[in-house]
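The values are calculated or read from the model by the stated rules, or taken from the named source; none is laboratory data. All values derive from a computational prediction rather than experimental measurement. Neighbour counts run over all protein chains shown; Cβ positions are idealised from the backbone, glycine included. Ligands, DNA and RNA are stripped out before the accessible areas are found, and what is left, the full protein with its side chains, is counted by its heavy atoms. Shrake-Rupley method; radii C 1.70, N 1.55, O 1.52, S 1.80 Å.
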Amino acid sequence: MTYVVTDNCIKCKYMDCVEVCPVDCFYEGENMLVIHPDECIDCGVCVPECPAEAIISDTDLAATPEWLRLNRQYASVWPNITRKKAPPADADEWNGVPDKLAAHFSDKPGEGDEEG
């Protein structure tokens with residue numbers, strides 16, 4: 001079992017989850033975060049911290065194989081993030097918008113823990 005980040009994180013990227021993760025398994029893209037499934041220890045402490053409710057167990061029916069694949073793929077190329085940053089200015093406007101993956105997902109990496 002592992003946890004995955006789903007499409008409600010796209011354009012929200014609140015980052016409350018990264019500070020509570022005991023194994024630093026979050027990776028930052030330009031407009032969302034992902035969890036590395038091989039690093040996640042299945043503790044679940046990130047789940048209640050996510051204001052967008054975008055983190056679910058891979059055993060959840062909404063956690064399609066596509067979400068596990070996307071998290072694995074981008075966790076291997078995006079930079080690790082362990083410190084909370086400010087969310088995008090319009091994050092609250094995007095929270096709850098359905099079907100963001102097809103129209104709004106960016107495969108570009110974020111900055112990770114780098115300053116700047």
It is to be established whether one or more residues within the stretch 43-50 are over 19 Å from residue 100 (Cβ atoms), outside any loop (DSSP other than H, G, I, E, B) and either open to solvent by 60 Å² or more (accessible area, probe 1.4 Å) or free of Cβ contacts under 8 Å to residues at least 40 places away in the same chain (or both).
yes
Within the stretch 64-81, the residues that are among the aliphatic types (A, V, I, L, M) and either under 20 Å from residue 20 (Cβ atoms) or assigned to a helix (DSSP H, G or I) (or both) are 68, 70, 75, 81
Would you check which residues across the stretch 21-42 are within 12 Å of residue 2 (Cα to Cα) and surrounded by fewer than 13 Cβ atoms within 10 Å (Cβ to Cβ) and list them?
38, 42
For the structure I just gave you, tell me whether residue 18 is of a type in the set (A, V, I, L, M, F, W, C), open to solvent by less than 30 Å² (accessible area, probe 1.4 Å) and outside any strand (DSSP E or B).
yes
What number of residues within the stretch 64-77 satisfy the criterion of being closer than 18 Å to residue 25 by Cα and either open to solvent by 60 Å² or more (accessible area, probe 1.4 Å) or over 11 Å from the mean Cα position of the chain (by Cα) (or both)?
6
The number of residues in the stretch 57-91 that are touching a Gly at 6+ places or on another chain (Cβ under 8 Å) and over 20 Å from residue 104 (Cβ atoms) is 3
Checking residue 12 against (1) of a type outside the set (Gly, Ala, Ser); (2) surrounded by fewer than 24 Cβ atoms within 10 Å (Cβ to Cβ); (3) in a loop (DSSP other than H, G, I, E, B), which single condition isn't satisfied?
(2)
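Okay, residues lined up against (1) closer than 10 Å to residue 71 by Cβ; (2) touching a helix residue (DSSP H, G or I) at 6+ places or on another chain (Cβ under 7 Å); (3) free of Cβ contacts under 8 Å to residues at least 40 places away in the same chain; (4) of a type in the set (Lys, Arg):
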{"position": "1", "(1), (2), (3), (4)": "no, no, no, no"}
{"position": "9", "(1), (2), (3), (4)": "no, no, no, no"}
{"position": "15", "(1), (2), (3), (4)": "no, no, no, no"}
{"position": "20", "(1), (2), (3), (4)": "no, yes, yes, no"}
{"position": "33", "(1), (2), (3), (4)": "yes, yes, no, no"}
{"position": "39", "(1), (2), (3), (4)": "no, no, yes, no"}
Scan the stretch 82-96 residue by residue and report those that are exposed (fewer than 13 other Cβ atoms within 10 Å of the Cβ) and not in a loop (DSSP other than H, G, I, E, B).
93
